[in-house]
1. Could you please find all residues in segment 158-177 being part of a strand (DSSP E or B), of a type outside the set (Gly, Ala, Ser) and buried (at least 18 other Cβ atoms within 10 Å of the Cβ)?
2. Given the residues Val63, Val10, Val92, Val84, which is the only one that is over 16 Å from the mean Cα position of the chain (by Cα) and crowded, with 22+ Cβ neighbours inside 10 Å?
3. So in segment 178-216, with the set limited to residues that are in contact with an Asp or Glu (Cβ under 8 Å, 6 or more places away or on another chain), over 21 Å from Ile12 (Cβ atoms) and of a type outside the set (A, V, I, L, M, F, W, C), which one is surrounded by the most Cβ atoms within 10 Å (Cβ to Cβ)?
4. Please give the helices (runs of 4 or more DSSP H) falling wholly within segment 232-313 in which 2 or more residues are aromatic (Phe, Trp, Tyr) and touching a residue at least 60 places away in the same chain (Cβ under 8 Å).
5. When the residues of segment 16-29 are filtered to those that are more than 18 Å from Leu177 (Cα to Cα) and not hydroxyl-bearing (Ser, Thr, Tyr), which remaining residue is surrounded by the fewest Cβ atoms within 10 Å (Cβ to Cβ)?
6. Let me spell it out: the conditions are (1) hydroxyl-bearing (Ser, Thr, Tyr); (2) assigned to a loop (DSSP other than H, G, I, E, B); (3) touching a residue at least 24 places away in the same chain (Cβ under 8 Å), and Ser115 meets all of them except one. Which number is the exception?
Amino acid sequence: MMPTEPRVGVVILNWNSARDTTTCVESLRKSTYANLHVIIIDNGSTDDSLIHVRPLAAQTDSVLIEAGENLGFPGGCNLGARRVLADGADYVFLLNADTEIDASALSRLIDVAESDPNIGVVTPKIFYFDDASMVWYGGAEFDWRYLVGRQVGYGLRDDVRYDVEADVPWATGCAMLISRAAVDAVGLLNEDFFFGTEDLDYSLRITARGYRIRYVPSAKLWHKEAAAAGGRDNPQYVYYQVRNVLLLRRIWASGVAGRLRAIAFSWVWIGRRSLTYAAGGNWRCLVATAYGIADHLRRAYGRREYPLIARRRAPRKTA
């Protein structure tokens, strides 16, 4: 290891996902970047995850922190980020447990991050795990008129359009390398979101402070989309998505015209989704949508659970 190599603290959240966490950590062990240190946060798992994650941490020289409760994505990430920063990290690398990373990816991300002190965040090119020819994140766009973020290339077959390194308006929390300077200036993730949209909010805060976010397609990652959430049609996922998109627009809409536009667009978006759920007989997602709207209106953020939209399946066994 070169003495000038920056120290990277990798933060991985485990929540009922020991198998995914294991393969993620194993992929990191193949990294060509030497000065990385892994923190695993067990985010209040309710299955037998800890039976497997405790020996995993010991065998891979990782640090395991047992939160004892579900702190949500931003809360768990913040717990890990504080630890790696206290341990002297120059960069915090937030990495989803349901990913596997290419051996050279972290080295490539660090090379770009170190090229300019105004780069606060770098993020890789991300493919679907089940079909590596399909893009999950090939860059990003953001429409300030309606406060809508879009993953470029999402669900499309890979081609050269997604191989251009460039500044982007936001990075995905699936794999976000953040400089210590940016954290010192901006702080950590907003825990009001609990799950989802916190990465978009954080990116807007980063760029608002004058830092750049850089998309690095030469760094590659493979992602099992929404694995921990149970899929995009899981009612609990729908609840947080609806509530948190509304929260994002509440935070970032500016001026009377901007707020009115954000409200109008939100209702159109919610209306279309609700019609889709109704047509498919998915009443639990309709209930989740209603809960999300109600909690937003009464400013009830953070962790929220309702029996009507809770998971119905038993906790997953990991071995």
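The values are calculated or read from the model by the stated rules, or taken from the named source; none is laboratory data. Because the structure is a prediction, the values reported are computed rather than measured. Heads up, the Cβs are rebuilt from the backbone with ideal geometry, glycines too, and the neighbour counts pull from every protein chain shown.
1. Filtering segment 158-177 for residues part of a strand (DSSP E or B) gives 166-167, 175-177.
Okay, now just the ones that are also of a type outside the set (Gly, Ala, Ser), so 167, 176-177.
Answer for segment 158-177, where residues must be part of a strand (DSSP E or B), of a type outside the set (Gly, Ala, Ser) and buried (at least 18 other Cβ atoms within 10 Å of the Cβ): Met176, Leu177.
2. Numbers: Val63 fails: crowded, with 22+ Cβ neighbours inside 10 Å; Val10 fails: over 16 Å from the mean Cα position of the chain (by Cα); Val92 fails: over 16 Å from the mean Cα position of the chain (by Cα).
Within the list Val63, Val10, Val92, Val84, the selection yields Val84.
3. In this case the residue turns out to be Tyr215.
4. Details: elements: 235-252, 255-279, 283-297.
Hits in segment 232-313: 235-252.
5. Our first condition is that a residue be more than 18 Å from Leu177 (Cα to Cα); within segment 16-29, this holds for 16-23, 26.
Still in the running and not hydroxyl-bearing (Ser, Thr, Tyr): 16, 18-20, 26.
Details: Asn16: 24, Ala18: 26, Arg19: 17, Asp20: 23, Glu26: 12.
Within segment 16-29, the match that is surrounded by the fewest Cβ atoms within 10 Å (Cβ to Cβ) is Glu26.
6. For Ser115, the exception is condition (3).
Condition check ((1) of a type outside the set (D, E, K, R); (2) assigned by TED's automatic domain parsing to the domain that holds Gly187; (3) not in a helix (DSSP H, G or I)) across all residues:
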{"residue": "Asp20", "(1), (2), (3)": "no, yes, no"}
{"residue": "Cys24", "(1), (2), (3)": "yes, yes, no"}
{"residue": "Thr32", "(1), (2), (3)": "yes, yes, yes"}
{"residue": "His37", "(1), (2), (3)": "yes, yes, yes"}
{"residue": "Ser45", "(1), (2), (3)": "yes, yes, yes"}
{"residue": "Pro55", "(1), (2), (3)": "yes, yes, no"}
{"residue": "Gly75", "(1), (2), (3)": "yes, yes, no"}
{"residue": "Leu79", "(1), (2), (3)": "yes, yes, no"}
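Residue-by-condition table, conditions (1) modelled with pLDDT of 95 or more; (2) assigned by TED's automatic domain parsing to the domain that holds Ser133; (3) over 24 Å from Leu297 (Cα atoms):
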position: Gly210; (1), (2), (3): yes, yes, yes
position: Arg214; (1), (2), (3): yes, yes, yes
position: Pro217; (1), (2), (3): yes, yes, yes
position: Gly230; (1), (2), (3): no, no, yes
position: Tyr239; (1), (2), (3): yes, no, no
position: Asn244; (1), (2), (3): yes, no, no
position: Leu248; (1), (2), (3): yes, no, no
position: Ile251; (1), (2), (3): yes, no, no
